[in-house]
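The block underneath contains the structure these notes are about, expressed in structure tokens.
The values are calculated or read from the model by the stated rules, or taken from the named source; none is laboratory data. These numbers were taken from a predicted model, which means no experiment stands behind them. Here Cβ is always computed from backbone atoms with ideal geometry, including for glycine, and neighbour counts include all displayed protein chains.
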Amino acid sequence: MSASAPTVKKALRDSGSKSVKFEEATMSSSVVCDKGHGRGLCRDAAIQISKKGKLGRCPQPGCGAQLRYLVKQQYPNVEEEYEYELVKVVRLKSDDQAEDDGFDPMLFKLVRRKSGESWLWPFYWGLNKNEKWHVGQFPPILRHTEFRKMIDEMEQP
Ligand SMILES: [Zn+2]
């Protein structure tokens, strides 16, 4: 690893947001309702989307707005920040398998909020030495068959 290898920053807020800063690009993810209340951990939210197809309603008293998993990315040499919503998640492993392996690969379908275009993003969480899940810094390395399984499932309605 070079001195400029990416570092994972601490959670941005108590909502469980994670920010990963690369030399040239930044990204952050958060779970928020349409009225802006932060809620819960990103991995838990991704697992819920994989199982139920979407997140629930904001539990803040008097709110009840839709919760969303939002991803913001800033690319090298591009002024504009790109904001996406995570709308579908295919998960390769069960809860138990992921715990046993310490590796939880997923395929994300992101919709860019401004344009409505959709994108696929291979993603994973890993268990660190303190047995806490953290965001993988690079795309997961998977077998062809594993990628194919996730893409096939992603294409199911
Ligand atoms: Zn709310």
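What the table shows:
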| quantity | calculated |
| --- | --- |
| Output for region 133-150, where each listed residue is in contact (Cβ under 8 Å) with a residue 60 or more places away in the chain and in a helix (DSSP H, G or I) | MET150 |
| Residues of region 69-98 satisfying the condition of being part of a strand (DSSP E or B), closer than 19 Å to GLU146 by Cβ and either of a type in the set (D, E, K, R) or within 16 Å of the ligand (Cβ to nearest atom) (or both) | LYS88, ARG91 |
| Single unsatisfied condition, LYS10 versus (1) within 16 Å of the chain's Cα centre (by Cα); (2) surrounded by fewer than 14 Cβ atoms within 10 Å (Cβ to Cβ); (3) modelled with pLDDT of 90 or more | (3) |
| Of all residues in region 27-45 being part of a loop (DSSP other than H, G, I, E, B) and closer than 23 Å to GLN137 by Cβ, the one that is farthest from the ligand (Cβ to nearest atom) | LEU41 |
| Check on LYS109, modelled with pLDDT of 95 or more, surrounded by 12 or more Cβ atoms within 10 Å (Cβ to Cβ) and among the charged types (D, E, K, R) | yes |
| Pair list, Cβ < 8 Å and 6+ apart or interchain, from region 32-52 residues that are in contact (Cβ under 8 Å) with a residue 12 or more places away in the chain to residues that are more than 16 Å from the ligand (Cβ to nearest atom) and part of a helix (DSSP H, G or I) | ILE47/ASP95 |
| Of all residues making up region 57-70, the number that are modelled with pLDDT under 95 and within 23 Å of MET106 (Cα to Cα) | 0 |
| Top-ranked residue in region 46-68 [being assigned to a loop (DSSP other than H, G, I, E, B) and more than 9 Å from the ligand (Cβ to nearest atom); ranked as farthest from the chain's Cα centre (by Cα)] | PRO61 |
